[in-house]
1. Within the range 136-188, restricting attention to residues that are of a type in the set (Lys, Arg) and either touching a Phe, Trp or Tyr at 6+ places or on another chain (Cβ under 8 Å) or closer than 18 Å to Lys48 by Cα (or both), which residue is surrounded by the fewest Cβ atoms within 10 Å (Cβ to Cβ)?
2. How many residues are among the β-branched types (Val, Ile, Thr) and under 30 Å from Glu81 (Cα atoms) if we restrict to the range 142-166?
3. Restricting to the range 172-204, give me the number of residues that are part of a helix (DSSP H, G or I) and among the aromatic types (Phe, Trp, Tyr).
4. Mind checking whether some residue in the range 81-88 is modelled with pLDDT of 90 or more and within 59 Å of the chain's Cα centre (by Cα)?
5. Would the range 77-96 turn up any residue that is among the β-branched types (Val, Ile, Thr) and surrounded by fewer than 17 Cβ atoms within 10 Å (Cβ to Cβ)?
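The values are calculated or read from the model by the stated rules, or taken from the named source; none is laboratory data. These numbers were taken from a predicted model, which means no experiment stands behind them. Methodologically, a virtual Cβ is constructed for each residue, glycine included, from the backbone with ideal geometry; neighbour enumeration extends over all protein chains shown.
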Amino acid sequence: MNLEKRERKGKLIQKLIFAAVAAIIVVATSLTVISGIEIDKTYKSMVKEELLVAVEQLDSEMNNVWDGSWDFKEGIVYKGEEDVMEEYESIMDKLKAKTDIEYSIFYGKERVITTMKDSAGKKATGYNISDAVYGTVVTNKQEYFTITTPAGATEPYYCYYIPLKNSDGSAVGMVFAGRRSTEVGDTLRRIILQMAFISLVITIVISTFGIVIANKSSGKMRAIADELGNLSRGEHKLNIDQSSIDKNDEIGLLADGTKTISEKLSEVITTTMDMSNQLKQSGSELADSASQASTASNQVSQAVDEISRGAVSQADSVETAAGNTQDIGNDIDEVSDNVRAFL
């Protein structure tokens with residue numbers, strides 16, 4: 001039977017590895033996007049909380065340094081009877097140096113003390129807040145968070161406002177803390193890019209590792225398949241790599257099974273050949289026995305023929321003897337008659 005060897009170039013393990021790598025890429029991309037969105041929300045929430053803590057810390061410190069009510073006269077901020085312009089501005093500058101957060105004090109709608117600078121590079125004082133913010137924070141005594149470009153500023157900020165109150169609870173202005181939105185955006189982009197880079201590196205490492213494993217495993221499986229092909233063409237002595245047999249996985253199971261098939265098939269072929277030789281020998285012996293039996297039969301037949309011929313010959317001899325005896329009897333009778341005649 002002529003078994004034509006069919007060329008097969010498909011690599012199942014590589015296809016599985018590539019499918020797994022594709023799944024990893026999809027999962028990594030999805031996780032990066034989802035994580036980016038969640039990090040954006042979380043980081044902005046943390047910025048909001050940070051600004052709330054910062055603005056409340058500033059308000060507490062401003063009210064605890066000096067007693068008395070807030071007042072703003074002729075460009076000077078008073079706390080009680082004390083001019084606090086330089087002292088509070090110095091405190092806010094130190095806080096900014098440590099936190100990189102912009103701080104401001106509003107009296108009424110006007111920004112009177114600040115760390116923020118305008119487009120000319122000067123302290124952005126003298127600028128008024130919008131009526132909407134003023135109504136929410138001062139009139140309604142509510143906290144207010146927004147992302148906007150404050151009056152006098154050159155770029156958007158995350159802004160947090162709380163009422164600036166006197167000891168009797170009346171709101172006379174606002175305390176402000178803000179962080180540049182570009183700084184927040186840059187931080188978020190840096191975090192997301194780091195995540196994307198880490199995901200890319202992990203994907204490349206896993207893909208490379210998977211391809212190496214695929215090539216190695218595919219090579220071993222190809223070698224086993226080639227040996228099985230040789231087995232199908234009648235070569236029952238297979239050359240299975242011992243390292244493949246020793247592997248504690250499906251390849252090891254396949255290699256061990258192939259080796260077992262080869263050994264069992266060799267045993268079957270050897271046993272069959274032995275039985276064939278024995279059958280051939282027995283047939284030869286049977287033929288010899290049949291020949292001997294035929295010879296003996298011929299000899300018996302010849303003996304029977306000889307016995308038959310002997311019996312016929314003896315019968316003829318008996319018949320002749322009987323005839324002779326009768327002749328003798330006749331002769332005796334004739335002699336007797338002759339004797340009586342003489343008497």
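1. Selected residue: Arg180.
2. Counting residues in the range 142-166 that are among the β-branched types (Val, Ile, Thr) and under 30 Å from Glu81 (Cα atoms) gives 1.
3. Residues meeting the conditions: 1.
4. no
5. no
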